[in-house]
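Here's the structure, in structure tokens; my notes come after.
The values are calculated or read from the model by the stated rules, or taken from the named source; none is laboratory data. A quick note: this is a predicted structure, and the numbers were derived from the prediction, not measured. Counting neighbours? That spans all protein chains shown, and the Cβs are built from the backbone with ideal geometry, glycine included.
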Amino acid sequence: MSRWRALLLVVTLLVGAGAEGWAHLQWPEDEVRAIRAHGPWPPPAPVDPSNRVSGDPAAIALGERLFNDARLSGAGTMSCASCHQAERNWSDGRARARGRAGLDRRTPSLWNVGQGHWFGWDGAADSLWAQSLRPIIDPLEMAGSTGHVAALLRGDPTLGCFYRRAFGTAPGSDDEALLVDAAKALAAFQETLVSPRTAFDDFRDALVAGDLAAAARYPAAAQRGLKIFMGAGNCNACHFGPRFTNGEFGDVGIPFFVRPGEVDSGRLGGLAKLMASPFNRLGPYSDDKSGASALRTRHVQRLHANFGEFRVPGLRQLGDTGPYMHNGHLATLQDVVRHYSKVSPDRLHSDGVPLVRPLGLSADDQADLVAFLRSLAADPPPRPPPLTECGAG
């Protein structure tokens, strides 16, 4: 950024001062640098080296078909789309996911899920394909089985045709390998679920480019909320980068008691499941034979400080994905901001490094922060209809 342009940003956003509703906040150069780090959007398409069909159009087509196919479940009544609904921002709007009485967690949104490196609220999967197969065979969720999925791929001519296009061969005799292939196709489809550009993105790009008139069109309340987000709130300590998340885990003072005498240990339990899984990146089903993409898995440590930690979610499309937190504990964005304003340090796990402190925000500051968070959402464009014929496209 040129010295002249930075000076203009530091002094004020003066262009268009006569236009009603335009905002004219000061944005020093260090704040502009911090805002720059939250873009650009959209990001490059993800490519997972552990999944040989990541990004492949034929696998995406198969994955979308499987995502909407209730026959993957044991009873033939539940598909992935039953809980991850496109019209609900790829979630279900429920405080607790259906069928997960043993954990009492809510269904996370799938927006931008392909950009992550740990999956699930507790990070029990280190790839999107491993995460995708878990609910299919979980008796508390879809209650399918390895053999059931393999028989479906072999027995349905249309699915078999989509499979051959994606993997270059007919479904084979190895049931577990077919389950993994189905999950890899599901992952390829989910990688395409990228949230739309938002008012924040237009502001960010304009500010970085020095287009003061365009930047000033971003609502004043959202600008004030952004300053709190980066300043007094220190929210971007965990919610940073284009997705507004570090992709890691933290204890933010939400109760981890499920019911009397039962707790959800979060990341601590997730790491135990990860290392015991035959489907992690260290196992035989990873297509990354170099092992480079398994470095996080190989070196992650399971510490007691992980007790009660849950994945830091991305904030894009946040406005319409409530209720919030891993267990649906908070109903609205206003409740979330109020929680962080008044969180009790006594609720934080004593062994962990505190990530949050009570912010003591005024009612006006809380409203501004909510306005900023809502500016990270936009109406997505309609998706093209899925392929119904194997020969189509």
Selection count where residues are free of Cβ contacts under 8 Å to residues at least 40 places away in the same chain and either of a type in the set (Gly, Ala, Ser) or closer than 26 Å to residue 326 by Cβ (or both), scope the range 283-294: 2
From the options 349, 339, residue that is in contact with a strand residue (DSSP E or B) (Cβ under 7 Å, 6 or more places away or on another chain), assigned to a loop (DSSP other than H, G, I, E, B) and either more than 29 Å from residue 56 (Cβ to Cβ) or at pLDDT 95 or above (or both): 349
Residues being touching an Asp or Glu at 6+ places or on another chain (Cβ under 9 Å) and free of Cβ contacts under 8 Å to residues at least 40 places away in the same chain - total across the range 23-48: 1
Residue list for the range 213-230, restricted to those being basic (Lys, Arg) and either crowded, with 22+ Cβ neighbours inside 10 Å or part of a helix (DSSP H, G or I) (or both): 224, 227
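From the list 106, 94, 98, which one is out of contact with any helix residue (DSSP H, G or I) (no Cβ under 7 Å at 6 or more places or on another chain), surrounded by fewer than 21 Cβ atoms within 10 Å (Cβ to Cβ) and within 17 Å of residue 328 (Cβ to Cβ)?
None of the other options fit; the residue is 94.
Let's see how each residue does on (1) closer than 21 Å to residue 344 by Cα; (2) under 20 Å from the mean Cα position of the chain (by Cα); (3) of a type outside the set (Ser, Thr, Tyr):
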{"site": "234", "(1), (2), (3)": "yes, no, yes"}
{"site": "237", "(1), (2), (3)": "yes, yes, yes"}
{"site": "265", "(1), (2), (3)": "yes, no, no"}
{"site": "276", "(1), (2), (3)": "no, no, yes"}
{"site": "292", "(1), (2), (3)": "no, no, yes"}
{"site": "302", "(1), (2), (3)": "no, no, yes"}
Some residue of the range 374-390 being part of a loop (DSSP other than H, G, I, E, B), among the basic types (Lys, Arg) and within 19 Å of residue 113 (Cβ to Cβ): yes
Tally, over the range 160-179, of residues that are touching a Leu at 6+ places or on another chain (Cβ under 7 Å) and closer than 18 Å to residue 132 by Cα: 4
Residue selected from the range 277-300 under the condition hydroxyl-bearing (Ser, Thr, Tyr) and assigned to a loop (DSSP other than H, G, I, E, B), by the criterion surrounded by the most Cβ atoms within 10 Å (Cβ to Cβ): 286
Set 268, 274, 207: member being within 16 Å of residue 33 (Cα to Cα) and part of a helix (DSSP H, G or I): 207
Condition met for residue 233 (crowded, with 16+ Cβ neighbours inside 10 Å and either touching a residue at least 12 places away in the same chain (Cβ under 8 Å) or not in a helix (DSSP H, G or I) (or both)): yes
Considering residues of the range 301-352 that are among the aromatic types (Phe, Trp, Tyr) and within 22 Å of residue 365 (Cα to Cα) only, the residue surrounded by the fewest Cβ atoms within 10 Å (Cβ to Cβ): 340
Residue check, residue 300 at pLDDT 95 or above and either of a type in the set (A, V, I, L, M) or on the phi > 0 side of the Ramachandran plot (or both): yes
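Please find, within the range 51-110, the residue that is modelled with the lowest pLDDT out of those that are assigned to a loop (DSSP other than H, G, I, E, B) and closer than 17 Å to residue 127 by Cβ.
For the range 51-110, the residue satisfying everything is 108.
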Inter-residue pairs, beta-carbon under 9 Å, first at negative phi and small (Gly, Ala, Ser) and in the range 256-280, second surrounded by fewer than 16 Cβ atoms within 10 Å (Cβ to Cβ) and assigned to a helix (DSSP H, G or I), 6+ apart: 265/272
